[in-house]
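Quick notes on the structure that follows.
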Amino acid sequence: MAKNTVAVIGTGQTKFKTHYADKTYVELAQDAAKLAMDDAGVTPDELDAIVFSMAPTQFMGVNDCDRWATSHVWGTGKPFMRIHAGGATGGSALQAAYVHVASGVHRTVLVVGADRVAETPDAQHVLNLIWDRFYEHDFALNTVTMTALAAQRYMSRYGTTEEQFAQVVVRARKNAMGNPYAHLKGEITVDDVMNSPRVAYPYKRFDICPRSSGAAAVVLSNLDVAKEKCARPAFVNGVSAITHSVFMGDRMGVFSETEFSDHDGEHIAAYEAYRQAGITDPTSQIQVAELYDPFSTFQFPSIESLGFCGRGRAAAISDEGGWDLDGQVAIGPSGGTLCTNPIGVTGLVRVVDAANQVMGKAGQNQLPNVHNAVATAVGGSTQFFAVTMLGDDHATRGRVQ
C-alpha cells in the first residue's frame, strides 16, 4: 500500500479552563492555530487545507461555528472540512488530515478546533439527546449514567474496586501538575476522591472530568516539508478507527461477540494501527499512552484494549505503580482527559500531548527516551474508537502490506 510519509511538525494548545470571558470561540481556535503554525514554522500561504475539529455546537449556543471560524483559521480560499464524531472528534479530525497528506493530495494541512462546553448549563442534557426518543430517551441516559453502567459491569467481571478507580484520579491530577495547559491539577488522595459527592454509582464527582473550554491545533506535512521545517518530527506511523452500534444492549457479550465494558472496539483499532506502525509488543515498544479517559473507569479497559496487559489485569498493575511515569508504560503524562475535556478537541489534545513527547517538547512533563506514543479518542456511546501511533522514526511504515 503506497502512502506518503506523514509527520506532525507543529502543535499548539491554549490553557483550558471553565470559561473564557475575554475570548470568543473563533478567537480561541485562532490562538491555537497560530501557536501550531509558529511551532511548525509555516505561514498561512503554506497551508493547503484545513480540517476543523468540532463536536456538538449546542454546548456553546452558536450553530455551526465552523462557518464562523473559517477566515479566523486561515481557511478562506482553501479546502475546509469539519469533522464531528462526538468525543472521538479530535482523533478522527487528525486522521482525516492524515489521509489528505498520505494520499499526496496536499503537502501541509492544519487540524484545529475549539470547544466551550461550559456555555450550556447542562452538557449532560444535551448529550442525552443522542438516544432514541421512543425506546431510550426516558431512561435519562447520558455520558455519566451510560458509562457508569459500563463501569458496574466491568467491576462485576473483574473485581475492580472504587478505590482502584480513585487511584487513577490521584495519578492524573499529580501528572497534570507539570502541564501548564491542564484544567484540573493538584495533590489529592484516594480518600479525597472517595469522599467527593456521589453522582452515579460508582462515580463520585472527582471520578468525572471537568467541562473545559479551550482550543488545540496540529500541523501535518509530508516528508519533504518535515525535513525542511522540523528537526525532530513526530511521524504518524499508524491510524485506525472502528465504529459500533449506538445501542449498548447490542454489545453486552450475551447476545453478541462484543463487550462494551471492555472497550473491545478499541482493541481492534489499536492492533490495526500497530500493524501499520510495526508494533508487535506494545508494552516494550510504546513508552507513552495519552488516553481518552474522561472517567476514572475508562483507563483500565483502555489499557487492556491497547495490549499493555491482559483483561482484568490493569487495576492490579496500577496498584503496583505500573502505569506511573516511571512504570512499564507512562499513562497520561499530561494528566489526560480526566483533567482536561474540551470535548470537540479532546482527542486532538491527546495527539498534541503524545506528539510533544516524541518531539521532545513536553516541557516539565517530558519523559526520557520516548520513541513511540499512542493517542486514543472515544465517542458516542463508547461506539467510536480512533487510535493514532506516533513515532520518531518513519521507517516502520514500510512494513504495511
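The values are calculated or read from the model by the stated rules, or taken from the named source; none is laboratory data. Owing to the predicted nature of the structure, the values given are computational and were not obtained by experimental measurement. Note that we place each Cβ from the backbone using ideal geometry, even for glycine, and neighbour counts take in every protein chain shown.
Before moving on, here are some points about what is shown:
- Residue list for the range 335-380, restricted to those being surrounded by fewer than 24 Cβ atoms within 10 Å (Cβ to Cβ) and part of a loop (DSSP other than H, G, I, E, B): Gly360, Lys361, Ala362, Gln366, Leu367, Pro368, Asn369, Val370, His371, Gly380
- Contacts under 7 angstrom Cβ, first residue in the range 60-77 being at negative phi, partner in a loop (DSSP other than H, G, I, E, B) and of a type in the set (A, V, I, L, M), 6 or more apart: Cys65/Met54; Asp66/Met54; Trp68/Val62
- Ala226 being outside any loop (DSSP other than H, G, I, E, B), touching a Pro at 6+ places or on another chain (Cβ under 7 Å) and either under 26 Å from Val101 (Cα atoms) or among the aromatic types (Phe, Trp, Tyr) (or both): yes
- Condition check for Ala7: part of a helix (DSSP H, G or I), at pLDDT 95 or above, under 29 Å from Ala373 (Cβ atoms) and aliphatic (A, V, I, L, M): no
- Answer from Ala241, Ala231, Ala216 - the residue that is hydrophobic (A, V, I, L, M, F, W, C) and without any contact (Cβ under 8 Å) to a residue 12 or more places away in the chain: Ala231
- Considering only residues in the range 247-281 that are of a type in the set (Val, Ile, Thr) and within 22 Å of the chain's Cα centre (by Cα), the one that is modelled with the lowest pLDDT turns out to be Ile268.
- All of (1) surrounded by fewer than 20 Cβ atoms within 10 Å (Cβ to Cβ); (2) more than 15 Å from the chain's Cα centre (by Cα) hold for Ala234 with one exception: (1).
- Arg82 vs. criteria closer than 22 Å to Val105 by Cα and surrounded by fewer than 21 Cβ atoms within 10 Å (Cβ to Cβ): yes
- Residue in the range 288-301 that is in a helix (DSSP H, G or I), charged (D, E, K, R) and within 19 Å of Ile268 (Cβ to Cβ) present: no
- Meets criteria (without any contact (Cβ under 8 Å) to a residue 40 or more places away in the chain and either under 16 Å from Phe295 (Cβ atoms) or part of a strand (DSSP E or B) (or both)) for Met146: no
- Unique match (being part of a loop (DSSP other than H, G, I, E, B), within 26 Å of Gln357 (Cβ to Cβ) and at pLDDT 95 or above) among Lys78, Lys15: Lys15
- Qualifying residue in the range 299-314 (condition: surrounded by 19 or more Cβ atoms within 10 Å (Cβ to Cβ), touching a His at 6+ places or on another chain (Cβ under 9 Å), charged (D, E, K, R) and at pLDDT 95 or above): yes
- Matching entry among Leu28, Leu35 (being under 18 Å from Asn356 (Cα atoms), surrounded by 16 or more Cβ atoms within 10 Å (Cβ to Cβ) and under 23 Å from the mean Cα position of the chain (by Cα)): Leu35
- Residue in the range 198-210 that is under 20 Å from Asn175 (Cα atoms) and in a loop (DSSP other than H, G, I, E, B) present: yes
- Of the residues making up the range 210-225, those that are in contact with a Ser or Thr (Cβ under 8 Å, 6 or more places away or on another chain) and surrounded by fewer than 24 Cβ atoms within 10 Å (Cβ to Cβ) are Pro210, Arg211, Asn222, Leu223, Val225.
- Counting the residues of the range 20-30 that are touching a strand residue (DSSP E or B) at 6+ places or on another chain (Cβ under 6 Å) and either part of a loop (DSSP other than H, G, I, E, B) or not hydroxyl-bearing (Ser, Thr, Tyr) (or both) gives 3.
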